[in-house]
Each structure stands twice: as structure tokens, then as C-alpha cells.
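K.L.:
Got a structure for you, questions after.
The values are calculated or read from the model by the stated rules, or taken from the named source; none is laboratory data. Since the model is a prediction, treat every value here as computed from it, not as a measurement. Heads up, the Cβs are rebuilt from the backbone with ideal geometry, glycines too, and the neighbour counts pull from every protein chain shown. Please note that ligands, DNA and RNA were not included when accessible areas were found on the heavy atoms of the full protein model with its side chains. Shrake-Rupley method; radii C 1.70, N 1.55, O 1.52, S 1.80 Å.
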Amino acid sequence: MSPNDAISEPSDVPVLSGDRVVLRAWRAQDREHLTFDEPVKAFVGPSLPGTDADGYAAWLALQDQEWADRRALSWCIAEPGTDLPLGWICLLGINQPYQHGSAEVAYWVLPESRGKGALGQALRLVRDYAFGEAELGLHRLWAMTDHRNLASQAVLRKAGYVWCGTERRAMVYEPGGGQYDMVRFELLADGAGVPLQGRPYRHVPTLAGSGIRLRPWRHADAGRVVEACTDPETQFWLPLPDPYTVVDAETYISDCQQAEPDTRWAFCVADADSDECIGALDVRMEIHADTVRTGAVGYWMHPQARGRGAMTAALRLVIRHAFTPTRDGGGGLDRLSLLAADPNAASRRVATNAGMQEVGRDRCVVRLRDDRVVDHVRYDLLAHEVRR
């Protein structure tokens, strides 16, 4: 008897069906369709099945035993119609001590299956089964990724998972190997899966007009923040980490969400139709008993959104809100201020187009990435100067 002949399909692995994928038990004949490229090997490695007969048989036998013991449940992500394997998805750590009701979702997809929505639907099918099957008793799903694996993080967010933390240098694939940050996501059955640092903060209003929306930040925006803050032009003008990683983006978003209402408004500038992040606009308050109520403005723009007046429109919305009295639902500020590096023509143009006035400069105070030391140009705007 060959190793393949000894492999039987577990009879009680539930079949979950969607229009793009079918989740079923693994079979002996699936082995001949397994090919793994470097991204899968790099990020998944040890949990991949052997592609030789003995290695595949041992891998499949382990999965069968874990399901028999109700410790883990694995599916083959298969293509409807052809029944060919597209990838693997698994609920791990069921009934783990001190974590009853939680399970880890792990997965990989074959190279030719990426970008077709198969994994996204597989995650949703597993979610519905996990939370709907009383025998499992699950109330929480979680997943982890290497901080470099932006594709995995994107598909988790799209499936409803939210970032719940980052463990620094926690992923080491072999003794003495590279050390990478582990990014964790979670999803709760009752829909309360947004952790404290992920909940929209009430003191930041949603402002809309001219095709844009200013709204609170969400951790789903992290990928767009990374794209913007790794852009060479953004890096040139702002003192950002280089390289700028998803961990930096998650930390930035958490800081925005946890700001005190009397100290900072941190807006995500989003497209009004798609709600996709296209920039950031911050107002940091300087409010003291013996001074006027001032807000210092700062902003950056995603490279895809530059040159169409979106940030000018965003700043105008903030100006209107900032100078509206608190009794009318506004910020009740007396003054807004802004600093821009002298050579940064685009940033200065936004300020003037929004109605702010150049009022002075601080000479030779900011060092740029090319080591030039340049002036900061000062702008401000007073409440009584704005026509309501």
C-alpha cells in the first residue's frame, strides 16, 4: 500500500460553499497540484505540507488527528466546478487552556490563486461557521501576520478583522534568523471586535464637502498611511521613520484615536464616494486661560490625491468648524496657525488658497533630507477674519 492509498478523507469535516470557493477536506489527489513560491515559503514555511508522498501523508494525518481531537479544523480551499485546490485555511487552538472560545485563523493560497477573492470568501465562510456552530463554542477569532506581509493584512481587514496589537521582533523563523514584528488582528462574534484604541472617538466630528470627507481614523486605513508615508516627497518634507512600516502606521492611528478632545483633532481626509484615505489633517490645540484659543494645523496628502485641491478643501472645512462657536457645535477657536518649510510650495499654496495669511518666518530652523537648512514660513487666520 502506498502512502497515498492510506490517506482517507475525514467524513465529518464540514463542507462550506460559496460562489468563488468551496471549503472541503483535503484529499490524496490534491498533492499533485501543490506548488509553493518564495512568498509562501517565506511567511508560512513550517506549516506547509510536504510535496513528496510521505511528507504529504504525514501532514494530512496530523490535520485529521487534530480534528478528531477537536483541537484544529483544516479545509482545502477548492475551486467550484474543477474542485482543484486553491489554498489552505484552518481554525487552530480550539479549546486551548485559558483561551476557551478563541481560535486562530491561519491560511495560505497557491500562487495562481491570488488576487481572485478566494481567500476573502474563505475567511468569511470560516467566520460564519465558527460563530454559528454551537459545538465549537467560539466567540473570538484572531490572526497574526509578519509586519511585512501587507497583502495578508489587507485581506484580513477586508474580512472584518481589526488590528489589536503589535509584538515587536516576535517573529523569528529560525534560530539566529531575522527578527520581525508580529501584527495581530481579531474578530468577535458579537461585532464588538474593535478594541478601545480602534473605536471612533466621539470628539472628532465628520465634516463633508467638495467631494471629500473628514472623519476619524480607522485601523483599516493603515495600508494607505504606509503608501503615503513611504512616498519620497512625503519623506522629504516630514520627519518620518525610514523605512516607514505598517507598525508605524498602526501606532500613528492609535495615537490619533486616543488624543484628548481638548488637545487634538486628528482627521483622516477621505474620498467622499469611496471613503478611501487620501490624506491627514491635524489640529493641535494650544488653549490656556491667559491666551486665545489657538489650533496649530498640519497635513499630508497621499500621492494619488495630489494636485486636485482636496487638501485645500479639507482645510477650508476645518477652518469653518474651528471658528464656529461651541454653542453651535463648532470648535470655538480664536485662531489657527500653520508652519511650512519655505521651499515647500505645494504646502504653502494650500494655506494661502484656504485663506490663511503669511505673517512671518523663523529663519534657518528646519533641516531637510538633503541636509539643507531652510526657513519656516508662518501662516495664521483669525476667527473674525472668516466670513460665516
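K.L.:
Can you tell me the alpha carbon radius of gyration of segment 242-388 divided by the globular rule-of-thumb value 2.2 N^0.38 Å?
P.N.:
Values: Rg = 15.9 Å, N = 147, 2.2 N^0.38 = 14.7 Å.
Rounded to two decimals, the normalised Rg is 1.08.
K.L.:
As a test of the formula, what do you get for the chain when each DSSP H run with n ≥ 4 contributes -39,500 (n - 2.57) and the sum is divided by the residue count, at 222 nm and rounded to the nearest 500 deg cm²/dmol? The partial results should precede the final answer.
P.N.:
Numbers: 9 runs with 95 residues, N = 388.
Rounded to the nearest 500, the figure is -7500 deg cm²/dmol.
K.L.:
Related question: Between Asp242 and Glu385, what length comes free when the chain is fully extended (0.36 nm per residue of separation minus the Cα-Cα distance, one decimal in nm)? Don't skip to the answer; put the middle values down first.
P.N.:
On the way: separation 143, 0.36 × 143 = 51.48 nm, distance 4.01 nm.
Extra length available between Asp242 and Glu385 comes to 47.5 nm.
K.L.:
Within segment 320-349, whose backbone N sits under 18 Å from a point 7 Å along Cα→Cβ of Ala296?
P.N.:
Correct set: 333-342, 348.
K.L.:
Roughly what angle does helix 246-257 make with the longest principal axis of the chain, taking Cα atoms, 0 to 90 degrees, to the nearest 10?
P.N.:
Value to nearest ten degrees: 50.
K.L.:
Continuing with this model, one more query. Quick one: Cα centre-to-centre distance for segment 360-385 and segment 97-151, in angstrom?
P.N.:
First find each Cα centre; the distance between them is then 49 Å.
K.L.:
Quick check: pseudo-label points 7 Å beyond the Cα along Cα→Cβ at Asp83 and Asp12, how many nm apart are they?
P.N.:
2.3 nm
K.L.:
Another one. With the crude spin-label approximation of a point 7 Å out along Cα→Cβ, what separation in nm comes out for Gln258 versus Arg327?
P.N.:
About 3.7 nm separates the two model spin labels.
K.L.:
Relative to the longest principal axis of the C-alpha atoms of the chain, give the angle of the C-alpha long axis of helix 118-132, reported between 0 and 90° and rounded to the nearest 10°.
P.N.:
That works out to roughly 80 degrees.
K.L.:
Let me ask another. When the chain is fully extended, how far beyond the present Cα-Cα distance does Ser274 get from Arg372, taking 0.36 nm per residue of separation? Can you show the working numbers first?
P.N.:
Values: separation 98, 0.36 × 98 = 35.28 nm, distance 3.88 nm.
Full extension from Ser274 to Arg372 adds 31.4 nm.
K.L.:
Of all accessible surface on the chain at a 1.4 Å probe, what whole percent is carbon and sulfur?
P.N.:
Working: 9450 of 19170 Å².
About 49 percent, which is the carbon plus sulfur part of the accessible surface.
K.L.:
Measuring from label point to label point, each 7 Å out along Cα→Cβ, what is the Arg284 to Asp52 span in nm?
P.N.:
6.0 nm
K.L.:
Computed over the Cα atoms, what is the radius of gyration of segment 86-187 divided by 2.2 N^0.38 Å, N being its residue count?
P.N.:
On the way: Rg = 14.2 Å, N = 102, 2.2 N^0.38 = 12.8 Å.
Normalised Rg, Cα atoms only: 1.11.
K.L.:
Sticking with this structure for a sec: On average, how much accessible surface per residue is there in the chain, in Å², for a 1.4 Å probe, leaving out ligands, DNA and RNA?
P.N.:
Details: 19170 Å² over 388 residues.
That works out to 49 Å² for each residue.
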